[in-house]
Every structure is written in C-alpha cells, then in structure tokens.
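Here's the structure, in structure tokens; my notes come after.
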Amino acid sequence: MAQVDFVNVDKSYGSFRAVKDVSFTVGDGEFVALVGPSGCGKTTTLNLIAGLLDLTGGEIRVSGKVINDLDPKDRDIAMVFQNYALYPNKTVAQNLGFPLRMRKVAKAEIKDKVEEAARLLDITHLLDRYPRELSGGQQQRVALGRALVRDPQVFLMDEPLSNLDAKLRVQMRAELKRFHQDLNATVIYVTHDQLEAMTMADKMAVMSGGVLQQYDAPERVFEEPANLFVASFVGSPAMNLLPATRVERDGTVFATGEGWELTLSDRNGAAARRSETDAIILGARHSSLALHETETSGAIPARIYTVEPTGDLTYAHVEVGDKTFVISVPPDRRIAADQPVWIGFDQNKLHLFDAKTEQRIAQD
Ligand SMILES: Nc1ncnc2c1ncn2[C@@H]1O[C@H](COP(=O)(O)OP(=O)(O)OP(=O)(O)O)[C@@H](O)[C@H]1O
Ligand SMILES: [Mg+2]
C-alpha cells in the first residue's frame with residue numbers, strides 16, 4: 001500500500017476552476033472520505049488520481065513518486081465506480097479475473113487470486129452466477145473484489161453505495177470498514193453523505209466549491225469545524241447557527257440579538273473578543289441545548305414552531321427571532337406548537353464563528 005500526496009492540485013475545465021489549490025496527504029493504509037455537496041469537485045479529484053483527467057496545476061504523488069504524467073494503466077490504482085460496471089455476459093469469477101487476464105497473468109495464479117478475493121468478500125457461492133442474478137449488495141462486493149484481485153497500491157471509490165437501499169447501505173458500510181481493516185488498504189472514498197464519512201473514515205476531507213475546507217479526523221471535524229460551511233455540513237440535524245452582536249460591559253462579554261442577551265462564559269467571552277468585528281455567530285448542536293418551559297436565568301426566550309417525533313428522539317423546531325433552532329428532547333417530553341420556551345446553552349459545547357470571515361474562533 002502507499003501514501004498519496006496532493007500538492008497544490010488545481011483542475012480547470014476551460015475557464016471553470018473545479019478544484020482549487022488542494023493539498024493533503026493520505027497516509028499509508030488510511031481510509032479518507034472526500035465529502036461535500038454536489039458539484040464541489042469530489043469526482044474530479046478522484047479522476048485526477050486515477051489518471052482519467054489531467055491536472056491543470058500542482059502534483060499528485062503516490063509513494064513519493066509524481067504520477068501526473070503516468071498513464072492510468074501504469075498507476076497501480078483501482079477504482080470502484082458508483083454503477084459497479086460489471087460485465088453482464090461474464091460470470092462473477094470471470095468478472096473478478098478480468099483485470100488479471102488483461103495483464104496476462106498465468107491462469108493458475110488468476111484462479112488463486114479470484115478464490116482468495118471471493119473468500120474475503122464472502123461471495124464464493126456466487127462465482128458461477130451472472131451479475132443479473134445478484135442483489136445490489138452482492139454486485140457491490142463483486143465490484144470490490146475486482147479491484148481487490150489487482151492488489152493495487154490505492155483504492156479509489158466514488159459513491160459505491162449510492163445505488164443501494166438504506167438498509168443495505170448500512171450493512172455495506174460496515175463491510176467496507178471491515179474490508180479496510182483486514183487489508184490495511186489505502187482508500188480514498190467519495191461520498192456526499194457526511195454520516196457515511198463520519199462512520200467509516202480515519203480522516204475526512206471536506207470540500208466546497210473546489211476548495212478543501214478542512215482535513216481532519218471525523219471527531220475533530222465534528223467538534224471543531226473550521227468554518228461555517230463545515231459546521232453546517234457535518235452533523236445531522238445541522239448545527240444551529242445564531243447571528244449575534246458582541247457587547248462588552250464591565251469586563252463581561254455578552255452575545256445579543258433581537259429580544260435576547262446571553263452572558264458568555266469567560267472562555268467564550270475571550271474568544272468572542274478575537275472576532276474581527278462585533279458580528280459573531282453562535283453555533284450549537286441540537287443535543288447541547290436545553291429546552292425550559294419556564295423563564296430560566298441564562299436561557300434565551302423562544303417559541304416552539306413544530307414538534308417532530310422520530311421514535312428515539314423528538315426534535316423541537318424552535319423560533320428564536322427570525323431563526324429556527326432544532327433541539328432534541330426525550331420522546332416523552334410533552335411540548336406543543338406555539339408554546340413559549342427558553343433555550344439554555346451548554347457553554348462548553350458552544351461554537352463561535354467570526355461573521356465577517358466565517359472562520360471558527362478558537363477557544364483556549
Ligand atoms: N467535463 C466537464 N466539463 C466542464 N465542467 C465539468 C466537467 N466535469 C465536471 N464539471 C464541473 O466541475 C464541478 C465539479 O464536478 P464533480 O463531478 O467533480 O462534482 P462532485 O463533487 O463529484 O459532485 P456530485 O456529488 O454531484 O457527484 C461541477 O461544477 C461540474 O459541473
Ligand atoms: Mg461525483
């Protein structure tokens with residue numbers, strides 16, 4: 001397996017810059033998820049590694065060697081596509097062996113490798129079937145197996161689970177994670193599903209508009225989002241964001257808005273002072289907020305807009321001025337639309353952003 005380095009990678013289609021000065025390193029054996037909304041440049045980035053597109057600028061290195069000008073077939077990289085691209089007229093065994101046959105590998109060796117991949121992916125009993133005789137999840141495993149037999153330096157996967165139904169996706173997610181652990185493979189995995197990325201990856205590369213917004217372990221991305229984009233993209237329901245004005249009186253820092261004022265803790269107050277202007281944005285996840293039904297000191301007034309039971313948790317949609325917050329409460333909580341409430345903040349879990357730069361303000 002191998003380390004992959006992106007160094008100032010740029011890609012333009014004509015005058016449109018789809019990937020902008022992207023740099024990051026995928027460690028040997030790491031599983032990296034490339035996430036971001038539709039059109040942010042994920043597939044483009046993957047195709048640059050695979051050699052299906054030429055770079056406009058920068059370098060991609062595999063095991064320290066620049067591969068910019070290397071032919072795709074010489075890159076020793078296997079790609080698993082969203083639609084699997086299995087050959088319909090070949091059996092599973094023939095599909096698995098095909099990449100090796102193309103490379104003129106000896107028959108006996110092909111047989112061994114195919115059997116080993118089949119065993120690893122638990123598809124030995126399917127070797128004589130045709131793709132049309134397989135379920136979506138089984139086809140998925142064959143597609144993985146076909147990448148596997150090549151024993152490549154790097155696996156690239158572009159939304160490999162997006163054609164599967166929700167239940168199978170959760171199951172395949174676990175299988176892919178296991179596959180990675182067993183093989184210690186270097187994997188770059190594209191998804192627009194942040195939950196998939198959170199659950200599977202060692203690191204997440206969050207992209208937006210062709211720009212790499214943050215590259216970090218999933219828990220760090222979740223706990224310390226680098227900017228407003230990452231904060232609202234990662235986590236479900238999305239982080240609640242509340243624009244506020246920083247005000248200072250007698251050494252205490254407050255965040256204020258239309259009809260409310262929140263006294264910031266010393267730590268958050270110190271952070272708020274570092275914002276470029278007095279415009280800040282408070283960020284709070286649904287689970288870090290308390291919903292009070294009577295006026296409570298330190299809590300800000302709001303009104304319930306609607307109540308959404310989901311079984312395990314109930315989501316209260318709450319209006320604060322012209323913003324709506326989503327707050328999770330236990331399912332047995334009796335609350336109703338239009339009820340006045342007060343929102344309490346866990347200041348240890350409060351995020352602060354500079355409204356002007358949209359960057360996270362670090363808290364010591
Ligand atoms: N061949 C092309 N010519 C011109 N523009 C392109 C081409 N391919 C992609 N783009 C544009 O580049 C941007 C990035 O596309 P890309 O396919 O990498 O997005 P993506 O992140 O994979 O999105 P999705 O989640 O929808 O698959 C998009 O705005 C897209 O319209
Ligand atoms: Mg894509």
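The values are calculated or read from the model by the stated rules, or taken from the named source; none is laboratory data. Remember, predicted model here, so these are calculated numbers, not experimental data. Don't worry about glycine lacking a Cβ; one is built from the backbone with ideal geometry, like all the others, and counts go over all protein chains shown. SASA here: full protein model, heavy atoms, side chains in, ligands and nucleic acids out. Shrake-Rupley method; radii C 1.70, N 1.55, O 1.52, S 1.80 Å.
Assorted remarks:
- Of residues in segment 200-219 being farther than 16 Å from S38 by Cα and open to solvent by less than 50 Å² (accessible area, probe 1.4 Å), the one farthest from ligand 1 (Cβ to nearest atom): A217
- Neighbours by Cβ (under 7 Å, 6+ apart or cross-chain): first from segment 150-175, closer than 17 Å to S135 by Cα and touching a residue at least 60 places away in the same chain (Cβ under 8 Å); second of a type outside the set (A, V, I, L, M, F, W, C) and surrounded by fewer than 18 Cβ atoms within 10 Å (Cβ to Cβ): P160/Q82; S162/Q82; N163/Q82; N163/N83; N163/G136
- Check on S288, within 33 Å of the chain's Cα centre (by Cα), open to solvent by 60 Å² or more (accessible area, probe 1.4 Å) and of a type outside the set (D, E, K, R): no
- Test: D76 is in contact with a Pro (Cβ under 8 Å, 6 or more places away or on another chain), away from ligand 1 (no atom under 16 Å from the Cβ) and more than 20 Å from N8 (Cβ to Cβ): yes
- Any hit, segment 36-57, residues being more than 16 Å from ligand 1 (Cβ to nearest atom) and closer than 28 Å to G136 by Cβ: no
- Subset of segment 132-149 (residues that are more than 25 Å from the chain's Cα centre (by Cα) and either free of Cβ contacts under 8 Å to residues at least 40 places away in the same chain or surrounded by fewer than 19 Cβ atoms within 10 Å (Cβ to Cβ) (or both)): R132, E133, L134, S135
- Test: residue in segment 61-78 that is more than 24 Å from the chain's Cα centre (by Cα) and within 16 Å of ligand 2 (Cβ to nearest atom): no
- Among the conditions (1) farther than 30 Å from V187 by Cβ; (2) among the β-branched types (V, I, T); (3) outside the structural domain of I300 (by TED's automatic domain parsing), the only one that V221 does not satisfy is (1).
- Qualifying residue in segment 81-104 (condition: more than 16 Å from ligand 2 (Cβ to nearest atom), among the aromatic types (F, W, Y) and open to solvent by 80 Å² or more (accessible area, probe 1.4 Å)): yes
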